[in-house]
Amino acid sequence: QAQLVESGGGLVQPGGSLRLSCEASESIRNFFVMAWYRQTPGNQREVVAQVSDEDVKWYSPPVKGRFTISRDNAKNTLILEMNNLSPDDTAVYFCFAHTGKNANWGQGIQVTVSS
């Protein structure tokens with residue numbers, strides 16, 4: 001199975017920006033779909049954005065227009081650019097990849113939006 005490692009989280013003020021990265025242990029070129037999920041205490045994990053192997057992208061309504069997902073196949077990395085962040089975006093963010101054979105999750109990374 002592919003190993004996924006997230007980075008780039010942390011504390012940011014409302015209105016600020018963060019860039020999350022998810023590096024895979026193998027080539028992502030043929031991964032069927034990659035996505036970012038987030039989870040807050042007591043709630044289910046929810047999908048934030050996803051991108052297919054044909055670069056078709058989907059965003060959840062709360063983040064559409066503020067977040068951008070992209071795949072860097074040369075670096076085996078999934079990116080999430082997050083702009084105009086609000087406290088409602090505070091959560092643990094998880095990287096997800098379905099290789100076509102199995103599903104893989106990263107360990108999660110904390111994003112906190114607070115003044």
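The values are calculated or read from the model by the stated rules, or taken from the named source; none is laboratory data. Only a predicted model underlies this, so the values are computations on that prediction, with no experimental measurement involved. Reconstructed Cβ throughout: ideal geometry from the backbone, glycine too, with neighbour counts over all protein chains shown. What goes into the accessible areas is simple: the full protein's heavy atoms, side chains included, and nothing from ligands, DNA or RNA. Shrake-Rupley method; radii C 1.70, N 1.55, O 1.52, S 1.80 Å.
Based on Cα contacts under 8 Å between residues 6+ apart, the chain shows a relative contact order of 37 percent. The longest part of the chain holding none of the exposed loop trypsin sites (Lys or Arg not before Pro), meaning those outside H, G, I, E and B in DSSP with at most 13 other Cβ atoms within 10 Å, is 65-100. Using the 1.4 Å probe convention, the accessible area of the chain works out to 54 Å² per residue with neighbouring protein chains retained. Hey, what's the Kirkwood Rh for the stretch 1-60 if you take every pair of different alpha carbons, in angstrom? Roughly 13.5 Å, rounded to one decimal.
Carbon and sulfur: what percent of the chain's accessible surface (1.4 Å probe)?
Details: 2860 of 6210 Å².
Carbon-and-sulfur percentage of accessible area, whole number: 46.
The translational diffusion coefficient of the stretch 48-90, from Stokes-Einstein at 4 °C and 1.567 mPa s with a Kirkwood hydrodynamic radius over alpha carbon pairs, comes to 116 µm²/s. Of the residues N43, N30, N102, the one that moves most in a GNM of the chain with alpha-carbon contacts below 10 Å is N43. Scaling the Cα radius of gyration of the chain by the globular reference 2.2 N^0.38 Å produces a ratio of 1.00.
Less than 13 Å Cβ to Cβ from V51, Lys/Arg counted +1 and Asp/Glu -1: what total charge do the surrounding residues give?
On the way: positive: R29, K57, R71; negative: D53, E54, D55, D72, E81.
So the environment of V51 carries a net charge of -2.
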